[in-house]
Amino acid sequence: MKKLSVIIPTFNEENYIKKALRSVRFADEIIVVDSFSSDKTVDIAKKNNCTVVQRQFDNFSNQKNFALQYATGEWVLFIDADERIPFALKQEILEVIKNPKHAGYKLNFPHFYMNRFLYHHYDSVLRLVKRANCKFEGLVHEKLIIDGSIGQLKNPVLHFTYKGLEHYISKKDSYAWFQAEQMLKKGKKATYFHLAFKPFYRFFSSYILRRGFMDGIPGLAVASINAYGVFSRYAKLMLLKKGIK
């Protein structure tokens, strides 16, 4: 059995995919699940000896669960095309899958914005797991479900999250529709209180509690746009409840 499979979802990532693939060459196999890209993404993946499978995108969980069917490794690492696994993290990954203490491991993702890494704006996400009995749930910011305990790796992933201000805001709007649809299905409500308080708290949490102010102007920009993303989510939930999209 192969030890480590890497799964990368893509859609028109020709400017990013090559460096992502280069950073995970240590894996036994790389599976690219593509949403019918119209650029050179698929050609680049095939030239780099990846297994390429294609599926029309509907949501993030279904896309990754589809790719899991093709993985043969005992362990699976999930990354995106705009992420890189540096050498120190590579060594840490190889060590923990050789002598595992947990069924899965979270990775740290400091944000990259305005040409710098924001070490006070980061996510810790479950991305390295034993393949047996794992699956994704949720439409956006999908949750990876596994059997067993979860550990934390120390070395960060290099995540080139934002390709510019316009892309960042567009990404927040796109995610907001998925999140609003999830909330609607769960019967959640959106009030003017949510529109006012929730965005304010997201800004306060991002900029003050998580010390985003130490990241300078980029930290202020990210905190502000994160707050906008929360506002957009509840505004869209209100629209969906009225049958408007």
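Taking the Cα-to-Cβ direction at Arg211 and at Ser224 and moving 7 Å from each Cα, how far apart do the two end points lie in nm?
2.4
Can you list, bin by bin at 10 Å, the percent of alpha carbon pairs in region 203-245, starting at 0?
Spelled out per bin, shortest first, that is 31, 35, 21, 13, 1.
Give the carbon-plus-sulfur fraction of the accessible surface of region 83-177 in %, rounded to a whole number; probe 1.4 Å, heavy atoms of protein chains only. Walk me through the numbers before you get to the answer.
On the way: 2630 of 4990 Å².
Roughly 53 percent, rounded to a whole number.
Counting only residues 5 or more places away or on other chains, whose amide H sits under 5 Å from the amide H of Tyr113 once H atoms are built in the peptide plane?
Amide H neighbours of Tyr113: Leu118.
Taking R0 as 35 Å, what's the FRET efficiency between Lys98 and Val53 from their Cβ-Cβ distance, rounded to 0.05?
FRET efficiency, Lys98 to Val53: 0.80.
Residues with amide H under 5 Å of Thr72's amide H, sequence separation 5 or more or different chain, H placed in the peptide plane at 1.01 Å from N; which?
Under 5 Å from the amide H of Thr72: no residue qualifies.
Residue by residue through region 206-215, which ³J(HN,Hα) values in whole Hz follow from phi under the Karplus form 6.51 cos²θ - 1.76 cosθ + 1.60 (θ = phi - 60°), with glycine and proline marked x?
5, 8, 9, 5, 8, 6, x, 4, 6, 9
Rank these residues by their accessible area, most exposed first, probe 1.4 Å: Phe78, Phe193.
Values: Phe78 5, Phe193 125 Å².
Descending accessible area places them as Phe193, Phe78.
How much accessible surface area, in Å² rounded to 10, belongs to the heavy atoms of Lys3 with a 1.4 Å probe?
The accessible area of Lys3 comes to roughly 80 Å².
Mind checking which of Tyr228, Ala190, Leu68 is farthest towards the positive end of the chain's charge dipole, using Cβ charges of +1 (Lys, Arg) and -1 (Asp, Glu) about the Cα centre?
Value: Ala190.
What is the spin-label model distance, in nm, from Arg116 to Asp43 if the labels are put 7 Å beyond Cα along the C-beta direction?
Each label point lies 7 Å from its Cα, and together they span 3.9 nm.
Please work out whether region 111-228 counts as rounded, prolate or oblate from its C-alpha gyration tensor, where a ≥ b ≥ c are the square roots of the eigenvalues and a/c under 1.5 means rounded, while otherwise a/b larger than b/c means prolate and anything else oblate?
Oblate shape, in that a/c is at least 1.5 and b/c is the bigger or equal ratio.
Per residue, how many Å² of accessible area does region 3-148 show with a 1.4 Å probe? Provide the component values of the computation, followed by the final result.
On the way: 7010 Å² over 146 residues.
For region 3-148, the per-residue accessible area is 48 Å².
Taking Cα centroids, how far is region 1-67 from region 77-148 in Å?
16
Could you give each residue of region 127-136 its phi-based ³J(HN,Hα) in whole Hz, using Karplus coefficients 6.51, -1.76, 1.60 with θ = phi - 60°, and x for Gly or Pro?
Ordered by residue, 3J(HN,Hα) equals 10, 10, 9, 5, 5, 4, 6, 9, 7, 9 Hz.
What list of ³J(HN,Hα) values in whole Hz, one per residue of region 228-234 in order, does the Karplus curve 6.51 cos²θ - 1.76 cosθ + 1.60 (θ = phi - 60°) give from phi, with Gly and Pro shown as x?
Each residue of region 228-234 in turn: 4, x, 5, 4, 4, 4, 6 Hz.
Go ahead and collect, in residue order, the members of region 92-126 whose backbone nitrogen is under 17 Å from a label point 7 Å along the Cα-Cβ direction of Phe26.
92-101, 105-109
Residues with amide H under 5 Å of Ser37's amide H, sequence separation 5 or more or different chain, H placed in the peptide plane at 1.01 Å from N; which?
Close amide H contacts, sequence-distant or interchain: Asn12.
Okay, helix-only estimate at 222 nm for the chain: each DSSP H run of n ≥ 4 adds -39500 (n - 2.57), divide by all residues, round to 500 deg cm²/dmol; what do you get?
It lands at -12500 deg cm²/dmol.
Under a no-solvent Debye model with one identical scatterer per Cα of the chain, what's log10 I(q)/I(0) at q = 0.08, 0.13, 0.16 Å⁻¹?
Evaluating at q = 0.08, 0.13, 0.16 Å⁻¹ gives log10 I(q)/I(0) of -0.33, -0.89, -1.30.
With every protein chain left in place and a probe of 1.4 Å, what is the accessible surface of Arg116, to the nearest 10 Å²?
My reading of the accessible area for Arg116 is about 90 Å².
What does the C-alpha gyration tensor say about the overall shape of region 39-153? Classify as rounded when a/c is under 1.5, otherwise prolate if a/b is larger than b/c, or oblate.
rounded
Roll a 1.4 Å probe over the protein heavy atoms and report the accessible area of Ser61 in Å², nearest 10.
Here the accessible area works out near 10 Å².
With a/c under 1.5 counting as rounded, go ahead and sort region 10-89 into rounded, prolate or oblate using the C-alpha gyration tensor (a ≥ b ≥ c being the square roots of the eigenvalues; past the cut-off, prolate if a/b is larger than b/c, else oblate).
Because a/c hits 1.5 or more and a/b fails to exceed b/c, region 10-89 counts as oblate.
The values are calculated or read from the model by the stated rules, or taken from the named source; none is laboratory data. Fair warning: this is a prediction, and the values are worked out from it, not measured in the lab. All Cβ positions, glycine included, derive from the backbone under ideal geometry; neighbour counts span all protein chains shown. Quick note on the areas: whole protein, heavy atoms, side chains included, nothing else; ligands and nucleic acids left out. Shrake-Rupley method; radii C 1.70, N 1.55, O 1.52, S 1.80 Å.
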